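Participant: This structure is in structure tokens; I'll ask about it shortly.
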Amino acid sequence: MGVIRLMDEPLSNKIAAGEVVERPTSVVKELVENAIDAGSTAIEVLLIEAGLTSIQIVDNGAGMDTEDALLSFSRHATSKISNEHDLFRIRTLGFRGEALASIASVSKVTLHTSNGESGTFVQLEGGRLIEHRAGSLRKGTDIKIDQLFFNTPARLKYLKTLQTELGHSIDLMNRLALSYPSISFKLVHDGKTILQTSGSGEIKRVISDIYGVSIAKKMIPFEAESHDYKVSGFTSLPEVTRANKNYISLFVNGRWVKHYAIANTVHRAYHTFLPLERQPITILNIEGDPYLTDVNVHPAKQQIRLSKEKELMELIHDTIRQTISSAVRAPIIEKPKAPKQVPSRQLDIWKTSYTVKEPVEQQTAGSFAESLHALENHPSIAGGNIHPVLKEEPQSVGQFEETIKEEIMQETVNFSINEPLEDDSPQFPELEVVGQIHGTYIVAQSTDGFYLIDQHAAQERIKYEFFREKVGEIDVSERQALLLPLTFHYSRDEAMRLKDALGVLAESGVFLEEFGDTSFIVREHPTWFPAGFEQEIVEDLIEQVLNDRKIDVKKLREDAAIMMSCKRSIKANHYLQKHEMERLLADLKQAEQPFTCPHGRPVIIHFKTYDVEKMFKRVM
Ligand code: ADP
Ligand code: MG
């Protein structure tokens, strides 16, 4: 006799719940997405104990009639698709028809819903119908999930602390708010409002609600189209950076997705604008025909498969790079503000879910020393270059660093709603040299304040642009023979790989010739090679080729330009004559991108006159 049996529906729902309902946030996601699909303009999420005690979602969408309200909890019940054809033209967030069934199978559900004509109340427990009757006629849906995982204790065990679980839901709500600026979202935890957006339709407003007005001011809009895709959104000026890619929010046709390659492309667009290990804040909306964006990859629908990926990546890269290239400017040092008091409960949440420390009240808000601390800890100069003599009160530096380190608190608490969101346009200022400090920084002034310029970073930028052009097109007439050829020896397998790469190396200025089985020589080099560093540069570039599995001329040339620009640039502790400083600033002004060095560190920092006056309390 056969041993295979068909499962009953409650059992198969519970199994599906294993994939769809991983944690309270998954429930919030599915239910809010249903509310969005129902055309709601206001959605409220109320959590008790991070959602483990209860999750309630109240919307003002289309609602359901009684028949649908009962049917909606069956597996494979959906109003969103009806045939295979629809699967390739999905415009709604849901379509699998399994979320409500799965959620209901592992919790206790109460639902009030009305389409305006009939009102229905439904109650279920572990997926089984307990009661249903007529209910209120308020149009919309109010669904409450109590005691999630009450009948699957194993799931409960895998949950992290309440703070971590809440952190996930806050993160989710932030992304939903960013992707639907026309919907007003409210997130309330244990009676406290954590997020509220206006639903005004302006993404910049939402960015300000989430990250604070000072960040919103530094977000630049972009929009572009290719044959198949349209991209739009906001991306941060290079002076705003983050330690990880969590602040790159990707939306495909309104759906928040995680896509490693796209996030990487966004990061790549900032090459030489940001230190390698830092990341931008980006809100990227991608729109394309649904048949190009397969969302039916995973039950949670956060992964997607994209067609014409190369075209899309190019569009994203070029658009973002152009946007920041034309918007970049010298970071402005603003007078730090005393953090606003935040209810202590909320602080606990942030502290744990993002491991940030509680902000330290600034006793002497607005002192110059603080501004220096701010400068030193400025995200784009983290690990800063300020000479120790300029520092005061070493303990408070540490404290201040703590408050600013993960930057999240700073932003969350530091905005006042009335500040305008627009800021000055970028332009390299007309600078007059005042002097030099510590043989390292040039001090210059302009009509709008004073500037500190890192002389080493400035020269690196100038040289990098020079070498990038040279390496990009190597002129045969610009070759110079060496009196004594340089020789290089490698192991047998390295030598074999090098032989394959001779062409790529030559296109980057390294004219390597075979000399026996495992040796190579260089007889000549481009005239513009930094003198005295020939051997070192050739070795470094060979190293690069040997380390890189895939050798790419473009990348090698880029590496070569950066490498050469570092050699022989004026270092710190080198005193310059006034005319040398003037020359350097004039060259910098000519640079295509004067504001960051090729490693993405800032070259020039702006102290606005008004802010300096505020620091000295000349203006209040
Ligand atoms: P899916 O969203 O994939 O269709 P769900 O199980 O999430 O599947 O929901 C089943 C159906 O219930 C939906 O297709 C929709 O018709 C209805 N529904 C669920 N939530 C709401 C809501 N908040 N407002 C109106 N209808 C809803
Ligand atoms: Mg759904």
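The values are calculated or read from the model by the stated rules, or taken from the named source; none is laboratory data. Quick caveat: nothing in here was measured; it's all calculated off a predicted structure. Here the Cβ positions follow ideal geometry from the backbone for every residue, glycine too, while neighbour counts run over all protein chains shown.
Participant: Among the residues that make up the range 30-51, is at least one of them away from ligand 2 (no atom under 16 Å from the Cβ) and over 23 Å from residue 197 (Cβ atoms)?
Facilitator: For the range 30-51, residues away from ligand 2 (no atom under 16 Å from the Cβ) and over 23 Å from residue 197 (Cβ atoms): present.
Participant: Of all residues in the range 97-129, how many are within 16 Å of ligand 2 (Cβ to nearest atom) and without any contact (Cβ under 8 Å) to a residue 40 or more places away in the chain?
Facilitator: Within the range 97-129, residues that are within 16 Å of ligand 2 (Cβ to nearest atom) and without any contact (Cβ under 8 Å) to a residue 40 or more places away in the chain number 2.
Participant: Using the structure shown, decide if residue 55 is in contact (Cβ under 8 Å) with a residue 12 or more places away in the chain and within 26 Å of residue 155 (Cβ to Cβ).
Facilitator: Here the answer is yes, as residue 55 does meet what is asked.
Participant: Residues 22, 98: which one is crowded, with 20+ Cβ neighbours inside 10 Å, over 22 Å from residue 139 (Cβ atoms) and of a type in the set (Asp, Glu)?
Facilitator: On inspection, the qualifying residue turns out to be 98.
Participant: Can you tell me how many residues in the range 213-233 are surrounded by 15 or more Cβ atoms within 10 Å (Cβ to Cβ) and in a strand (DSSP E or B)?
Facilitator: Result for the range 213-233: 8.
Participant: Still on this structure, please answer the following. Tell me yes or no: at least one residue of the range 163-181 is within 17 Å of residue 33 (Cβ to Cβ) and part of a loop (DSSP other than H, G, I, E, B).
Facilitator: yes
Participant: Look at the range 602-620 and say how many of its residues are modelled with pLDDT of 90 or more and touching a Ser or Thr at 6+ places or on another chain (Cβ under 7 Å).
Facilitator: Counting residues in the range 602-620 that are modelled with pLDDT of 90 or more and touching a Ser or Thr at 6+ places or on another chain (Cβ under 7 Å) gives 2.
Participant: Within the range 140-162, which residues are in contact with an Asp or Glu (Cβ under 9 Å, 6 or more places away or on another chain) and in a helix (DSSP H, G or I)?
Facilitator: 155, 158, 162, listed by residue number.
Participant: Within the group 85, 132, 76, which residue is surrounded by 14 or more Cβ atoms within 10 Å (Cβ to Cβ) and either more than 16 Å from ligand 2 (Cβ to nearest atom) or part of a loop (DSSP other than H, G, I, E, B) (or both)?
Facilitator: Result: 132 is the single residue among 85, 132, 76 that is surrounded by 14 or more Cβ atoms within 10 Å (Cβ to Cβ) and either more than 16 Å from ligand 2 (Cβ to nearest atom) or part of a loop (DSSP other than H, G, I, E, B) (or both).
Participant: Could you say whether any residue in the range 563-576 is surrounded by 18 or more Cβ atoms within 10 Å (Cβ to Cβ) and within 28 Å of the chain's Cα centre (by Cα)?
Facilitator: Yes, there is a match, as at least one residue in the range 563-576 is surrounded by 18 or more Cβ atoms within 10 Å (Cβ to Cβ) and within 28 Å of the chain's Cα centre (by Cα).
Participant: Still on this structure: Just to verify a result, which residue in the range 21-67, among those that are part of a loop (DSSP other than H, G, I, E, B) and of a type in the set (A, V, I, L, M, F, W, C), is farthest from ligand 1 (Cβ to nearest atom)?
Facilitator: Per the criteria, the residue is 52.
Participant: A further question on this structure: Are any residues in the range 68-80 in contact with a helix residue (DSSP H, G or I) (Cβ under 6 Å, 6 or more places away or on another chain) and within 8 Å of ligand 1 (Cβ to nearest atom), and if so, which ones?
Facilitator: 72, 73, 77
Participant: Let me ask another. For the range 487-587, list the helices (runs of 4 or more DSSP H) that sit wholly inside it and hold at least 3 residues that are more than 17 Å from residue 472 (Cβ to Cβ); which are they?
Facilitator: In the range 487-587, 492-500, 534-547 are the helices (runs of 4 or more DSSP H) which contain 3 or more residues that are more than 17 Å from residue 472 (Cβ to Cβ).
Participant: Next question, about the same structure. Within the range 62-72, count every residue that is away from ligand 2 (no atom under 12 Å from the Cβ) and within 37 Å of the chain's Cα centre (by Cα). It would help to see each step written out before you state the result.
Facilitator: Within the range 62-72, the subset away from ligand 2 (no atom under 12 Å from the Cβ) is 62-71.
Next, from what is left, pick out any that are within 37 Å of the chain's Cα centre (by Cα): 62-63.
So the count comes out to 2.
Participant: State all residues of the range 192-212 that are in contact (Cβ under 8 Å) with a residue 24 or more places away in the chain and outside any loop (DSSP other than H, G, I, E, B); if no residue qualifies, say none.
Facilitator: Result: 192, 194, 195, 203, 204, 205, 206, 207, 208, 209, 210, 211.
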